[in-house]
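This report concerns only the one structure given below.
Bear in mind these aren't lab numbers, they're just calculated from the coordinates by the rules spelled out. Note that the structure is a prediction, hence the values are computed from the model and not measured. Don't worry about glycine lacking a Cβ; one is built from the backbone with ideal geometry, like all the others, and counts go over all protein chains shown.
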């Protein structure tokens, strides 16, 4: 009989416990969770704050009792493992309910401690109106603050997943919201120009978005007295009236009633470090591909571990629920003798930002540049399903590929419909090692309500293959403002499209359908830089010009890419 | 300078023409279309009949004029190619407008004639109230019939894509509708048990669905006189009052005001056959993988050609828009010297049936059986996105795989949300040659509004791998009604789930969470056949029993698969 001890009862830990029991009826399985809840829906927390998930109980997927009944797992909440004795294979546990300590032996140990929100040492940040969001008690505290105070304005620091979701939730509640982000974009897994679509959406909804802005100081200005513990008052029943005065990195200040810190998370490695387990170069717990730590009896999964990046093979930290769940299941298999291997993480991610979805898989351009990996890229903006069928929305899609081999390096998509589908297709194609040549041939489901005969992905692959084969000479959005005297900017859209001020300075206009007759107006000694709305007509014009002996380039992704890159 | 002649101006032909011009500015390109319209949205026709696509003009994507302006293609509508002289490389064309005939030479010829609706020789079927739907004039005639008659009841014959879409469109217009289908299911690309979900939906909407029923005779009963051509009356202005009396294969008869024949299509091969081009074994135009016919100067694409099935390598006819479009583009490349090869057709297909989507890729079980290909299968029914986030719907998913290699053979999905996404993921995975083992590791996009940490696909792969590795001993829905005395049926759902009459005869009930304590109630000398609602708890129970020395099987897909298979 095997004794399995699991530290952490959420995604990875809970998956491992359930799988372990299915593998063995007679193993002893103990799952320690220092918090009050196991197997809760941490990804759902912002949506209960907004009220979209109305029942708090919907977030609690399992209880210690249900785990016991179904999986015969001994779940001990409010029990924190404070030390691991690897030599004698036992853990020391502190029971937070009564303060006692005890030990528990193990044959196999699984670490699934997760990651904790980073709260930087900003002066004044430790105050009753400032919160992070990691677990149910955090959520309860934020809800309590909103309910007990008259929160008219909130500030979210950090434009990542949780920051964006909290921004949306607060806005949903009718609270005026400011979003501070140190970088020049939100949602860093996607590139700056793709984030522009999100910036436009966020501003359009009335959020006060401040990019390139950090929080530098917080002053808590109470309006009534706080709970006095000496007088026997409890925090839970105080009314924390008051507000915050925030100092920003650009010298501005900002009054706010609620501050949410969401600048990121760091792996919880204290216990592993104290036990002398190896850490990786990024500070996460080191694991091999079987999810084993440097101690073969100890496995680790989830947000706390370093895994291999699928594209580069380098170490990476990817605090996402999908990998954690699958790693947990796999670690259980391996603890019972299997030799399942984790296949690396692509970092496939998606975030809802009001009516938009933003998603990506693989590497982004920033990372490729940083890692010195050669790449080329294609943009398309095309309908989520047949444009003549009601409800079609533009999918803005970016494809990154190796210009020599055509290997897929990454993909990003933004839009109101069909974003998850396109990124899932790309996640599979990349994982399968497909090339852009193969993407052209993908046979995706098509009927007018669902797709197009040439899907977004096919179209992006066509553009990419044209570039790779030299059938299209690309120019990209960030080069358009720096043309030389030897270049001429040609807008091939129709005059009706130009009247909205949506033009690039210095362009001359010849509509694509008039180009054959008016080609003689163009100089042969200059490079003609063509653009249209999304790049499609530009390609038609490009082919005409090149096949007639002109030098030309086409703006990939057209004016739409250029325009939103600036938002 | 090359002269390219294209026969057929819709999906494949129009794609080829546009691509050809992008490849060459000086090629002469002539596109013949015997109908009035080129490049129209044939997939959108049913949705204009329903009024969901309100503007008829939305279906006409290009005109001869727009094609000329943008691509310098000489488009000749109402011009039918009636003969091909391969020796001297010219075609004979009949101009339907003035009845003249002329010839046009070619260097390369592309056949994209499409497929035509099969109208069986049923007595009386040739009448003014019976229509097929292939093109815009067909659509206009159907609309005219609906508008000019008081159509209270319509009958659709054939439960394929067009039949289902027409059924829905007629229902949308408030017309009581009967659907006749000779087979025991609609939508034959999916298997019978998966079609059960569609049957339930169709009946629930009030459609008179008659499976296993053919049309055997039609009697046209006019109420007023028809247009008299002799008297100078035009069909367009007559009022075709009247109705039809249908005789059905089961002896029933049926009064109806409108009859839509949608039993299938057959490739248009007359021209190719007359020219002595090779046909394939299924009666389509033979093509090699470069889309070349038996005459190297003649290419053919679209619904009229036979291509290789991706899974079996055998010849197949797949009259779908996606392949036609991509083949057209590729044929143009090859006519200009490329050596692009078509990679076979998976037959990825999707159809909207009221609130449901039905989709599939690869081979179905019927085909695998017929071809004698060894297979195993897994079913899951799980939420389209995190079940605690509003709007989640059940995805019913079937995965077919090779039990030895784990290779993906096919997949089917039915549900109200996320069906296209799952089938697209499977279409890519299958095309990439992935196995069910690899499907487990797919890293798909997850946030509560879009997916689950363990996606439908991951879960199906888990079930499939459990079966393949022997960790789960499956029993399937069609075996449940034929258990032997050596088997005992065990329902592990909760008593609350059983009170709706949703039980299988002869089952005893022990809820999964009580099983450990009550296991002794079960006999060790019988095989315990376990089922729950969808198969998940059944697997937990199965593992418990087997790990305790019982013989057991688990109903894959649970009661839900069993129940809908009977609808």
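Which residues among region B:474-498 fall inside the zone where the amide N is under 18 Å from a point 7 Å beyond the Cα of residue B:509, along Cα→Cβ? Only B:489-498 fall inside the zone, counting backbone N under 18 Å. Per residue, the average separation of C-alpha pairs within less than 8 Å and at least 6 apart gives region B:355-469 a relative contact order of 31 percent.
Once R0 is set to 60 Å, what does the formula 1/(1 + (r/R0)^6) return for the Cβ-Cβ distance between residue B:241 and residue A:485, expressed as a FRET efficiency to the nearest 0.05?
So the FRET efficiency works out to roughly 0.20.
Looking at region B:474-565, I'd like the Rg to Rh ratio, where Rg is from alpha-carbon atoms and Rh is Kirkwood's inverse mean 1/r. If you can, show how the numbers build up before the last one.
Details: Rg = 11.8 Å, Rh = 12.8 Å.
Taking Rh as the inverse mean 1/r over Cα pairs, Rg/Rh reads 0.92.
Just the Cα atoms of region A:335-422, one point each, no solvent: what log10 I(q)/I(0) does Debye give at q = 0.17, 0.18 Å⁻¹? Calculated log10 I(q)/I(0) at the listed q: -0.78, -0.84. Within region A:176-199, find all residues whose amide N lies under 16 Å from a label point positioned 7 Å from the Cα of residue A:249 along Cα-to-beta-carbon. Inside the label zone: A:179-188.
For the pair residue B:216 and residue B:36, label points projected 7 Å from Cα toward Cβ lie 3.9 nm apart.
Express the Stokes-Einstein translational diffusion coefficient of region A:4-57 in µm² s⁻¹, to the nearest whole number, given a Kirkwood radius over alpha-carbon pairs, 25 °C and a viscosity of 0.890 mPa s. Walk me through the numbers on the way to the answer.
Working: Rh = 12.5 Å.
After rounding, the answer is 196 µm²/s.
One quarter of the convex hull surface built on the alpha carbon atoms of region B:1-128 amounts to 10.3 nm², the projected area averaged over directions. Taking the alpha carbon gyration tensor of region B:246-334, multiplying each eigenvalue by 5 and rooting it gives semi-axes of 33, 14, 13 Å, largest first.
So, R0 is 35 Å and r is the distance between the beta-carbons of residue A:405 and residue B:57; what FRET efficiency does that work out to, to 0.05?
On the way: r = 44 Å, r/R0 = 1.27.
Result of the calculation: an efficiency of 0.20.
Output the 0 to 90 degree angle, nearest 10, between the alpha-carbon long axis of helix B:11-23 and the longest principal axis computed from the alpha carbons of chain B. Its long axis makes an angle of about 70 degrees.
Scaled against the 2.2 N^0.38 Å expected of a compact globular protein of N residues, the Cα radius of gyration of region A:346-489 reads 1.06. For chain B, the longest principal axis of the alpha carbon atoms and the long axis of helix B:456-469 meet at an angle near 60°.
For region B:111-171, would you read off the P(r) tail past 14 Å as a percentage of all alpha carbon pairs?
Values: 1166 of 1830 pairs.
Everything past 14 Å amounts to 64 percent.
Remind me, relative contact order of region B:111-189 in percent, using alpha carbon pairs under 8 angstrom and six or more residues apart? Relative contact order here is 24 percent. Spin-label model, residue A:150 to residue B:68: label points 7 Å out along the Cα-to-beta-carbon direction sit 7.2 nm apart. If I model the protein assembly as shown as equal point scatterers sitting on the Cα atoms and use the Debye formula, what is log10 I(q)/I(0) at q = 0.04, 0.05, 0.07 Å⁻¹? Log10 I(q)/I(0), no solvent term: -0.24, -0.38, -0.74. For a paramagnetic label modelled on residue B:314 (point 7 Å from Cα along Cα→Cβ), amide N atoms under 19 Å away belong, within region B:177-204, to B:188-192.
Tell me, in nm to one decimal, what length is gained between residue B:374 and residue B:230 on full extension, where the rule is 0.36 nm per residue of separation less the Cα-Cα distance? Each step should come with its number before you reach the end.
Details: separation 144, 0.36 × 144 = 51.84 nm, distance 6.42 nm.
Answer, rounded to one decimal: 45.4 nm.
Scattering from chain B was approximated by placing one identical point on each alpha carbon and applying the Debye formula without solvent; log10 I(q)/I(0) at 0.06, 0.08, 0.13 1/Å stands at -0.37, -0.64, -1.34. With the simple model of a label 7 Å out from the Cα in the direction of the Cβ, residue B:387 to residue B:281 spans 4.7 nm.
Translational diffusion coefficient of region A:411-460 at 37 °C, 0.692 mPa s, Stokes-Einstein with Kirkwood Rh over Cα pairs, in µm²/s as a whole number.
Numbers: Rh = 11.3 Å.
For the chosen part, D equals 290 µm²/s.
Helical content of chain B, expressed as a calculated mean residue ellipticity at 222 nm, amounts to -7500 deg cm²/dmol (DSSP H runs of 4 or more residues, -39,500 (n - 2.57) each, divided by residue number, nearest 500).
Considering only the Cα atoms of region B:130-263, their convex hull presents on average a projected area of 8.4 nm².
Subtracting the Cα-Cα distance from 0.36 nm times the residue separation, let me have the gained length for residue A:119 to residue A:26 in nm, one decimal. Write down the numbers at each step before the final one.
Details: separation 93, 0.36 × 93 = 33.48 nm, distance 4.30 nm.
Here the segment from residue A:119 to residue A:26 would lengthen by 29.2 nm.
Each Cα pair under 8 Å and six or more residues apart adds its sequence gap; the mean of these over the residue count of chain A is a relative contact order of 11 percent.
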